[in-house]
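Below is one structure, written out as structure tokens; the observations come after it.
The values are calculated or read from the model by the stated rules, or taken from the named source; none is laboratory data. A quick note: this is a predicted structure, and the numbers were derived from the prediction, not measured. All Cβ positions, even for glycine, are placed from backbone atoms using ideal geometry, and neighbour counts span all protein chains on display.
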């Protein structure tokens, strides 16, 4: 693996960001990397130190806020269920009262890992789980945009990042796991496209972003490893060699937020690996994983797992 020099950390001092769905995974890492660049970051989610969501996991939004502050920013935890319009309205009112604006909105609400069923036809998939998946993965993003974008368009330069799985180029010709999963992830791609049109006259930018094979807390647990020992999973899952830490996509968002010319990205569908090449940042280990190119050229081509030249 060839290690590469990292780009300087973007300067986001004075920027106000909100990461919807920041309890764990990509959302938490995005919030922390925005904080590391100096931003004030509102972090939302349903799991707090007082109450857990149906995930029943230990990560909380308070912990995320503390990690943001520890990284150099200002983390503010606001318990929010983004399926409840009145809670999101109250969130927007609080940001307005405390900051008077919003510079960066990251729509990362998901919550579907335990709901979708791989390779199940629509008539085989549990219907309640499928419909719940669509509510969590699509409706939440629409509600958040409805209430929070009025703050973002108050002055030019606002950035919206819609988080999904797969670029538009990759997903357009591939079946993504199941009927409901495919619909959700491709709906978010279309959201980014639409928002790019609706924000452009206000000087705003919308980008749809996907991580690669991300080593989230749940992924590491599924493979029985930790971030420090993730390579131990390669014997059972060789193509995991192309995986990336959540911080990689976090750095991608920070790079976008710190780009004074980000408007040139309006409407794009991009991956963490693509943006790493463009902005020069690396993953925590100094590499630049390019998962989506690897999946096409190595895994789908039936080649032996080998990340050489892809990270």
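Residue 146 versus (1) buried (at least 21 other Cβ atoms within 10 Å of the Cβ); (2) closer than 18 Å to residue 196 by Cβ: which is the lone unmet condition?
Only one criterion in (1) buried (at least 21 other Cβ atoms within 10 Å of the Cβ); (2) closer than 18 Å to residue 196 by Cβ is unmet by residue 146, namely (1).
Sort through 161, 194 and tell me the only one that's in contact with a strand residue (DSSP E or B) (Cβ under 7 Å, 6 or more places away or on another chain) and modelled with pLDDT of 95 or more.
161
Here is a yes/no grid of residues against (1) surrounded by fewer than 16 Cβ atoms within 10 Å (Cβ to Cβ); (2) modelled with pLDDT under 95; (3) within 17 Å of residue 270 (Cβ to Cβ):
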site	(1), (2), (3)
165	no, no, yes
175	yes, yes, no
189	no, no, yes
208	no, no, yes
219	no, yes, no
223	no, yes, no
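Would you be able to say whether some residue in segment 42-62 is in a helix (DSSP H, G or I) and touching a helix residue (DSSP H, G or I) at 6+ places or on another chain (Cβ under 8 Å)? Working first, answer last.
Filtering segment 42-62 for residues in a helix (DSSP H, G or I) gives 61-62.
Restricting the remaining residues to those that are touching a helix residue (DSSP H, G or I) at 6+ places or on another chain (Cβ under 8 Å) gives none.
There is no residue in segment 42-62 that is in a helix (DSSP H, G or I) and touching a helix residue (DSSP H, G or I) at 6+ places or on another chain (Cβ under 8 Å).
Just one of (1) over 20 Å from residue 267 (Cα atoms); (2) in contact with a strand residue (DSSP E or B) (Cβ under 6 Å, 6 or more places away or on another chain) trips up residue 106, so point out which.
Here residue 106 meets the rest and fails (1).
State the number of residues belonging to segment 268-295 that are touching a strand residue (DSSP E or B) at 6+ places or on another chain (Cβ under 7 Å) and surrounded by fewer than 19 Cβ atoms within 10 Å (Cβ to Cβ).
Just the residues of segment 268-295 that are touching a strand residue (DSSP E or B) at 6+ places or on another chain (Cβ under 7 Å), to begin with: 268-272, 283, 289, 291-292.
Filter once more, so that each one left must be surrounded by fewer than 19 Cβ atoms within 10 Å (Cβ to Cβ): none.
Qualifying residue count, segment 268-295: 0.
Restricting to segment 192-221, count the residues that are out of contact with any helix residue (DSSP H, G or I) (no Cβ under 6 Å at 6 or more places or on another chain), under 19 Å from residue 27 (Cα atoms) and not in a strand (DSSP E or B).
Count: 6.
Check whether at least one residue in segment 244-260 is within 28 Å of residue 134 (Cα to Cα), more than 15 Å from the chain's Cα centre (by Cα) and either surrounded by fewer than 17 Cβ atoms within 10 Å (Cβ to Cβ) or at pLDDT 95 or above (or both), and report yes or no.
For segment 244-260, residues within 28 Å of residue 134 (Cα to Cα), more than 15 Å from the chain's Cα centre (by Cα) and either surrounded by fewer than 17 Cβ atoms within 10 Å (Cβ to Cβ) or at pLDDT 95 or above (or both): absent.
Working only within segment 84-113, note down all residues that are over 18 Å from the mean Cα position of the chain (by Cα) and farther than 20 Å from residue 159 by Cβ.
84, 85, 86, 87, 89, 90, 93, 94, 97
Looking at this structure, is residue 256 in a helix (DSSP H, G or I), touching a helix residue (DSSP H, G or I) at 6+ places or on another chain (Cβ under 6 Å) and within 20 Å of residue 30 (Cα to Cα)?
yes
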